[in-house]
Each structure stands twice: as C-alpha cells, then as structure tokens.
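Participant: Mind having a look at this structure? Questions to follow.
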Amino acid sequence: MDLRTRSPAYVLYCLISSCLFVFLGYFLQSVEAQVVSTPIQIQITPTTILLEDITTPDFATQYSQNPQHLQSKRPLRVRLKVNRALNQQRWQLQYQLSAFKSQTNGKTIQPKYQIGPGQFEALSGDIGNTQPSTMTGTLQNEVPMLQLTNLSVGEYEYNIPAHQIQMNLPAAVQAGDYTATQTVSLISSPNVP
C-alpha cells in the first residue's frame with residue numbers, strides 16, 4: 001500500500017496506531033507480578049466451663065382454689081463440664097424464674113418460691129470450693145444459686161432434691177395451663193465474692 005495516495009488523516013492514524021502498538025507491546029513485556037500467600041490462623045478452644053444439661057421442677061396438676069403450699073415432683077439438676085482447671089477463677093450460677101402465664105385464659109401469676117440449697121458432686125474430676133445458696137422470693141431477678149472456684153477438669157452436677165423446691169400458690173387462681181421460664185446463667189466475674 002502506498003501511503004502517498006492516502007489521505008493525510010489516514011496516514012496519521014496508521015502512524016499513531018503503529019506507535020501505540022509498539023509502546024503497549026513494550027509496556028506489557030516489562031510488567032512483572034509477584035504473589036505471596038501466607039497462612040492466617042484462628043484457634044478456637046472450648047470455653048473453660050459449660051452448662052451441659054438442666055432439668056426443670058414439676059408441680060403436676062393442682063385443683064384447689066385455696067392457697068396451696070406445693071412441692072416439686074422432680075429435682076432441679078444442673079450439669080457442668082469443666083474443660084480447663086478453674087484455679088482461683090470465680091464462677092457463679094444464677095437463677096431466674098419468670099411469672100407464670102396462661103395461654104388458655106391470658107392470666108399471670110407470680111407465686112413465691114423457695115429453692116435449695118442442693119448438693120454439688122463430681123461425676124469426674126475434683127471438687128474445689130462451692131457455696132450453694134437458698135433462693136427465695138418471686139425470683140423475677142437473677143439470684144445466686146451456686147458459687148464455684150478451684151474445680152479440676154471434669155463433669156459436675158448440682159442437684160436440688162424435689163423436697164427442697166417449694167412454691168406457694170395464691171388463692172382463687174383461674175383454671176388453665178400456666179407456664180414459666182427458668183433461666184440458669186453461668187457467670188465469671190471479679191465481683192463474685
């Protein structure tokens with residue numbers, strides 16, 4: 001092809017395109033890349049102490065409209081698993097019981113309770129220092145249940161016998177199925193005495 005017979009714009013376009021291809025070819029050949037991969041590690045270890053299992057008291061069916069002093073038919077058991085020796089670390093089990101609410105009639109009752117104290121035993125491991133508490137009142141707020149220090153690795157159970165779990169039911173409670181929620185919290189805190 002003879003560039004002399006072409007328009008000046010076409011000639012200029014060809015020159016620029018040629019220079020651009022030469023420049024890009026040089027630039028692309030001189031680019032280097034380096035990739036370095038390094039591992040990032042996260043170690044997940046089990047917590048020092050775990051709540052494994054909790055049973056609930058059972059007050060069965062009640063018929064009377066008079067005030068009643070009830071005793072649970074079933075013990076309250078809290079099972080713990082210790083994965084690392086507690087040494088001087090202080091732990092506390094706390095207990096809370098909501099008001100009893102009925103889905104059938106919409107009524108709420110807040111009976112007075114007395115729970116405990118219970119027995120703390122090692123299923124495996126060695127018992128350190130424990131201080132069980134008796135819990136009384138309506139238990140709407142968290143109250144101390146058991147304090148723990150110096151436990152070795154193992155499994156433990158805090159058992160409150162059924163006869164140590166009592167409730168005073170007020171008079172004239174409307175018939176219905178009433179349900180409450182018990183909450184057991186395991187807390188490590190420098191404020192635990």
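The values are calculated or read from the model by the stated rules, or taken from the named source; none is laboratory data. Please read all numbers here as calculations on a predicted model, not as lab measurements. In this analysis, Cβ positions are derived from the backbone assuming ideal geometry, glycine residues included, and neighbour counts consider all displayed protein chains. Note: accessible area is taken over every heavy atom of the protein model, side chains too, but ligands, DNA and RNA are not part of it. Shrake-Rupley method; radii C 1.70, N 1.55, O 1.52, S 1.80 Å.
Participant: Pull up region 33-49, narrow it to residues that are assigned to a loop (DSSP other than H, G, I, E, B) and aliphatic (A, V, I, L, M), then point me to the one that is farthest from Ile187 (Cα to Cα).
Facilitator: Applying the first criterion (assigned to a loop (DSSP other than H, G, I, E, B)) to region 33-49 yields 33-48.
Then drop every residue that is not aliphatic (A, V, I, L, M), which leaves 33, 35-36, 40, 42, 44.
Numbers: Ala33: 53, Val35: 47, Val36: 44, Ile40: 31, Ile42: 25, Ile44: 20 Å.
Only one residue fits best here, namely Ala33.
Participant: Given the criteria among the β-branched types (Val, Ile, Thr), at pLDDT below 90 and either more than 30 Å from Tyr178 (Cβ to Cβ) or open to solvent by less than 100 Å² (accessible area, probe 1.4 Å) (or both), does Thr55 qualify?
Facilitator: For Thr55, the condition - among the β-branched types (Val, Ile, Thr), at pLDDT below 90 and either more than 30 Å from Tyr178 (Cβ to Cβ) or open to solvent by less than 100 Å² (accessible area, probe 1.4 Å) (or both) - is not met.
Participant: OK, next. Within region 50-81, count every residue that is touching a residue at least 40 places away in the same chain (Cβ under 8 Å) and either assigned to a loop (DSSP other than H, G, I, E, B) or under 30 Å from Val173 (Cα atoms) (or both).
Facilitator: So the count comes out to 18.
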